[in-house]
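Please read the structure below before turning to the comments.
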Amino acid sequence: MANIQPRADVDKTAEIADSVEIGPMAYVGPRCILHDRVRIGAQAMVEKDTEVGEDTYIYPNAYVGCDPQDVSYGGEQSRLIIGKRNKIREFTNIGRGTAKEELLTVIGDDNLIMAGVNIAHDCRLGNNIIRAKYAAAAGHVRIEDHAFISALVGSHQFVRIGAQCMISASGKISKDGPPFCTVDS
């Protein structure tokens, strides 16, 4: 049976695996799916229509599955899919998709998303990515496997960051970052 703290709020339509842990004052909303060994920290929020893969830890005060921050969003039912073995640290914000792109935001497997990161609507992240503190990805950003985005980097809408690309700290990415290189803006 799932370990759900008494002060947590879990919607009756959420599907919760038996090995899930949900901390005090955490919220899991409608139509969410939490797979085996998912941990939701204290006061974290998994708003709605979000699927979280095995062994993922959403740390305290993170907010995932929120409504897209896009003026075109009209309340459509959209989704966020988070893969396996991710670490989503404190105060991170990850939005669901919009009608512009399949109503879907996707986070792959084995990613480290550090504190204060923003991942907006319709983003697609691959696997084994590190996003350092306070890095922000605007809508429709693509980040390929093994990329490293340093702290305080802002990524403009529709850019692509290639596989194994490293983005230097405190910069902005307004053009694509090619695979296998270091980008300093």
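So how strong a dipole does the chain carry about its Cα centre when Lys and Arg Cβ are +1 and Asp and Glu Cβ are -1, to the nearest 20 debye? Walk me through the numbers before you get to the answer.
Values: 20 positive and 24 negative charges, 89 e Å.
Charge dipole, the chain, about its Cα centre: 420 debye, nearest 20.
Just report the Cα centroid separation between segment 133-185 and segment 1-65, whole Å.
Using only Cα atoms to place each centre, the spacing works out to 29 Å.
If you take the alpha carbon radius of gyration of the chain and divide it by 2.2 N^0.38 Å, what ratio comes out, to two decimals?
Values: Rg = 15.7 Å, N = 185, 2.2 N^0.38 = 16.0 Å.
The value comes to 0.98.
Near Arg131, within a Cβ-to-Cβ distance under 12 Å, what is the net charge of the other residues, with Lys and Arg +1 and Asp and Glu -1? Don't skip to the answer; put the middle values down first.
Working: positive: Lys87, Arg89, Lys133; negative: none.
So the environment of Arg131 carries a net charge of +3.
Local charge sum around Gly97 (other residues, Cβ-Cβ under 11 Å, Lys/Arg +1, Asp/Glu -1)?
Numbers: positive: Arg79, Arg96, Lys100, Arg124; negative: Asp49, Asp67, Asp70, Glu76, Glu101, Glu102, Asp122.
Within the 11 Å Cβ shell, the charges total -3.
Which aspartates and glutamates does Lys175 reach when only Cα atoms under 19 Å apart count, and residues fewer than 8 places away in its own chain are ignored?
Qualifying aspartates and glutamates at Cα under 19 Å: Asp122, Glu144, Asp145, Asp184.
Just add up the charged neighbours of Asp109: K/R +1, D/E -1, any other residue whose Cβ is under 11 Å from the Cβ of Asp109. Before the final figure, lay out each step's value.
Working: positive: Lys84, Arg85; negative: Glu54, Asp55, Asp110, Asp145.
Charge balance in the 11 Å sphere: -2.
List the lysines whose alpha-carbon lies under 24 Å from that of Lys48, not counting same-chain residues fewer than 8 positions away?
Cross-link targets: Lys12, Lys84, Lys87, Lys100.
Using mean Cβ contacts within 10 Å as the protection proxy, how do 136-143, 73-80 order, highest first? Can you show the working numbers first?
On the way: 136-143: 22.8, 73-80: 15.4.
Put in order of decreasing packing, that is 136-143, 73-80.
Multiply the residue separation of Lys175 and Arg7 by 0.36 nm, subtract the distance between their alpha-carbon atoms, and state the gained length in nm to one decimal. Intermediate results must be reported in sequence, preceding the final value.
Working: separation 168, 0.36 × 168 = 60.48 nm, distance 4.52 nm.
So the chain would gain 56.0 nm between Lys175 and Arg7.
How many nm is it between the label spots at Gln157 and Asp18, if each spot is 7 Å from the Cα in line with the beta carbon?
For Gln157 paired with Asp18, the spin-label model returns 4.7 nm.
Values in this text are rule-based calculations from the coordinates and carry no lab data. Computed from a predicted structure; not experimentally measured. Counting neighbours? That spans all protein chains shown, and the Cβs are built from the backbone with ideal geometry, glycine included.
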